[in-house]
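Student: Here it is, the structure, as structure tokens.
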Amino acid sequence: MGIIGSLLSGIVSLAIFCASATVVLAIVVPFIGIVVRFRVNYNPRALSLGPGGDAIGIPDGGEDGRVVGPRVTSLLGMFLRVRRIEGWRGLYKGYMPLLLYTMGNTLFSLVWIGSSPHSPKGGYSIPRSSMFQSLVYALFMSFIALPFGILTNRAITTPHKLPMFAPRVSLKLLLTAYERRRPWILYFTPGLLIAQALHVVFVTVIFRIVRVLLVPALAYGLDGAEEDGTLNKISTVKLSFFILFQALAGTAILCPLEVVSERLSIQRNYTPGAEFEEEDAELAAAQAGETGVEYIGQGEDVLNLRSASGEEPYKGLRHTLNRIMEEEGVTTLFRAWWLTMLGAVLSGLA
């Protein structure tokens, strides 16, 4: 009875966890989808004719804010646009890959590591350990999360109705034939892995070093300080400087990395030298509706994606940063900056 009782208890706990994860994601996924769409929406500056007849970009879109593609200036604006064009179903695109990853990774973390999960959308929850152990753990979890992040972002930004329980059909829409034949090529998406690795390094090493130097009592976060009885020894002035550093550095460094990562994650990989039509007939057929997959939008797309504009693909982290600033302006790198700032401050105290 002891073994049977333990087995039943485990099954019940697993069922409760799955149910809770489903409910939590039902609340979180729409918000994640809005942020991703807001950041990847491609708005190059409108062009004007210069004195010599050459096309030149209008700085910041000109006085009238002219840009190419739907101009959405806030998360609320993006929410309303998605709701109008795609309906409530559109807000839940990306739900399945996030659910599968969250369930699998959480079980792995709880059983083998005893820690909270890492989200493929950029959050880190690391066991109490040394800085090196934290870095290795975060890099490993980020490495595992990368393909799920790619699938999630592409599912969110596709204009198609993805079947929830037909993964093979969905994968034909989300991945090129080259990526399906060689799934490891996702890790070689130009600039994506290094952008995520830099994000991890700043969160787990640079910010932690500053925290130890300014507020040693918070070396293991507020919980650690409370356990060690050092919470009342924290200097208010130093804590204020640390929070200010987290806010400014988090916004200036992490936000551009997050925007770049999301832009790169939706950029597809093709066989070198192959044209789209030759490389991916199945994807073209699916996009044309020949596989029964319909468009979710009502006569227009929510987003203007760079891949649909005929521009050359991003070639790496530096190239992506430069192209975004040249084509859309530096402010594009700071879309939804306040979310990154809030996350940086809270993670600094965790």
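Student: When THR204 is evaluated against the numbered criteria (1) open to solvent by less than 20 Å² (accessible area, probe 1.4 Å); (2) more than 20 Å from GLU258 (Cβ to Cβ), which criterion, by number, is the only one it fails?
Tutor: (2)
Student: What number of residues within the stretch 282-311 satisfy the criterion of being open to solvent by 80 Å² or more (accessible area, probe 1.4 Å) and at pLDDT 85 or above?
Tutor: Adding up the residues that qualify gives 1.
Student: To continue, here is another question. If a residue has to be in contact with a helix residue (DSSP H, G or I) (Cβ under 6 Å, 6 or more places away or on another chain) and surrounded by fewer than 17 Cβ atoms within 10 Å (Cβ to Cβ) to count, how many in the stretch 188-201 make the cut?
Tutor: The total comes to 1.
Student: What's the number of the only condition in (1) open to solvent by less than 60 Å² (accessible area, probe 1.4 Å); (2) among the aliphatic types (A, V, I, L, M); (3) in contact (Cβ under 8 Å) with a residue 12 or more places away in the chain that ILE209 fails to meet?
Tutor: Against the list (1) open to solvent by less than 60 Å² (accessible area, probe 1.4 Å); (2) among the aliphatic types (A, V, I, L, M); (3) in contact (Cβ under 8 Å) with a residue 12 or more places away in the chain, ILE209 comes up short only on (1).
Student: Scan the stretch 134-179 for residues that are of a type in the set (Ser, Thr, Tyr), surrounded by 20 or more Cβ atoms within 10 Å (Cβ to Cβ) and assigned to a helix (DSSP H, G or I) and jot them down.
Tutor: Scanning the stretch 134-179 gives TYR137, SER142, THR152, THR157, SER170.
Student: Another one. Spot the failing condition for ILE144; the list is (1) in contact with a Gly (Cβ under 8 Å, 6 or more places away or on another chain); (2) modelled with pLDDT of 85 or more, and only one is missed.
Tutor: (1)
Student: Filter the stretch 265-281 down to the residues that are modelled with pLDDT of 60 or more and among the aliphatic types (A, V, I, L, M) and list them by number.
Tutor: ILE266, ALA274
The values are calculated or read from the model by the stated rules, or taken from the named source; none is laboratory data. As the structure is a prediction and not an experimental result, all values here were calculated from the model. All Cβ positions, even for glycine, are placed from backbone atoms using ideal geometry, and neighbour counts span all protein chains on display. What goes into the accessible areas is simple: the full protein's heavy atoms, side chains included, and nothing from ligands, DNA or RNA. Shrake-Rupley method; radii C 1.70, N 1.55, O 1.52, S 1.80 Å.
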